[in-house]
Amino acid sequence: MSRRPLVAGNWKMNMLNADGVALAREIAEKYAALKSPKCDVLVCPPAIWVAGVAQAVAGKIAVGAQDCHAAESGAHTGDISVPMIKDAGASFVIVGHSERRTNHHETDADVKAKAEAVIKHGLTAVICIGETEAQRDAGKTIDVCRSQIQGSMPDGATAENVVIAYEPVWAIGTGRTPTTKDVEDVHAAIREAIAAKTDKKTADGMRILYGGSVKPSNAEELMALPDVDGALVGGASLKAADFWAIVEAC
Ligand code: 13P
């Protein structure tokens, strides 16, 4: 089963308008200049910049939001719905990032409801999962990932409308990464959990990204692992040269 890798940049709460547009445009132009790109590229700016970035990249690369509300509209001050994100020109939404699970107390059920809204409107959900350091130390990494897949993945998930991102919480923004063997073992276990929740064909086709301190110097060995189908990049996605080096590693 060949899965087309995806390199996604999660800008988190960084970038003002002009810098974000310039960064996205540079990546889009480099990507458009490739003769036969071997991977897809996605940038996820803060919600307020999604429309401007989508306009700047003009469909050359994909644009996504970092979160959404599960409802289509209503009295939810400060929140943003999937139809709004779609209207702004985005085709992906990250849901369940550990920073949202921690800072906004989002549960698996919340993440599942958001992912359902994303796929209902024809966008692709990037569902984030991953263990904390304490869970890893307790030997619970695979149990945690399995239960997050079970609880966060919507019933209508397919290889087209869902991407999973495995992001060990302790590896985010710390410069630390699991060993390549650990990454491969966890990704393989996640694929089994996806098969248990859906079916083997769906699991074989679904992309599982690795995220957590991905940088130009480690991208190649991580991306070479059989069950790693791309990267969800935080800090290194804020500099065009670094992000582009990761795209090239793919
Ligand atoms: P870093 O690449 O900065 O570790 O962040 C990873 C991440 O959280 C992407 O969603």
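Flag: ILE85 does not match the condition of being touching a residue at least 12 places away in the same chain (Cβ under 8 Å), closer than 28 Å to SER2 by Cβ and surrounded by 18 or more Cβ atoms within 10 Å (Cβ to Cβ).
Taking segment 1-19 as the range and being in contact with a helix residue (DSSP H, G or I) (Cβ under 8 Å, 6 or more places away or on another chain), more than 20 Å from TYR210 (Cβ to Cβ) and within 16 Å of the ligand (Cβ to nearest atom) as the test, the residues that pass are ASN14, MET15.
Considered as a group, the residues in segment 92-118 that are part of a loop (DSSP other than H, G, I, E, B) and out of contact with any Gly (no Cβ under 7 Å at 6 or more places or on another chain) include one that is nearest to LYS12 (Cα to Cα), and that residue is HIS97. Take the conditions in a loop (DSSP other than H, G, I, E, B), among the polar types (S, T, N, Q) and in contact with a helix residue (DSSP H, G or I) (Cβ under 8 Å, 6 or more places away or on another chain) and apply them to THR202. Does it pass? Answer is no for this residue. Whenever a residue of segment 153-174 is more than 16 Å from HIS187 (Cα to Cα), its partners that are of a type in the set (Lys, Arg) and part of a loop (DSSP other than H, G, I, E, B), lying with C-beta atoms within less than 8 angstrom and at least six residues away or across chains, give the pairs TRP170/ARG176.
Looking at this structure, is ARG146 within 16 Å of the ligand (Cβ to nearest atom) and over 28 Å from ALA88 (Cβ atoms)? No. Identify, by number, the condition in (1) surrounded by fewer than 19 Cβ atoms within 10 Å (Cβ to Cβ); (2) in contact with a strand residue (DSSP E or B) (Cβ under 9 Å, 6 or more places away or on another chain) that THR158 doesn't meet. For THR158, the exception is condition (2).
Among the residues in segment 219-232, are any in a helix (DSSP H, G or I) and within 13 Å of the ligand (Cβ to nearest atom)? Scanning segment 219-232 turns up at least one residue that is in a helix (DSSP H, G or I) and within 13 Å of the ligand (Cβ to nearest atom). Within segment 97-114, the residues that satisfy the criterion of being away from the ligand (no atom under 16 Å from the Cβ) and surrounded by 15 or more Cβ atoms within 10 Å (Cβ to Cβ) are ASP108, ASP110, LYS112, ALA113. For LEU42, indicate whether it is within 16 Å of the ligand (Cβ to nearest atom), closer than 19 Å to VAL233 by Cα, part of a helix (DSSP H, G or I) and of a type outside the set (S, T, N, Q). Spelling it out, it is not the case that LEU42 is within 16 Å of the ligand (Cβ to nearest atom), closer than 19 Å to VAL233 by Cα, part of a helix (DSSP H, G or I) and of a type outside the set (S, T, N, Q).
Values quoted throughout were computed directly from the atomic coordinates according to the rules given, and no laboratory measurement underlies them. Just so it is clear, the structure is predicted and the values come from calculations on it, not from any experiment. A quick note on method: Cβ atoms are made from the backbone with ideal geometry, for glycine too, and the neighbour counts reach across all protein chains shown.
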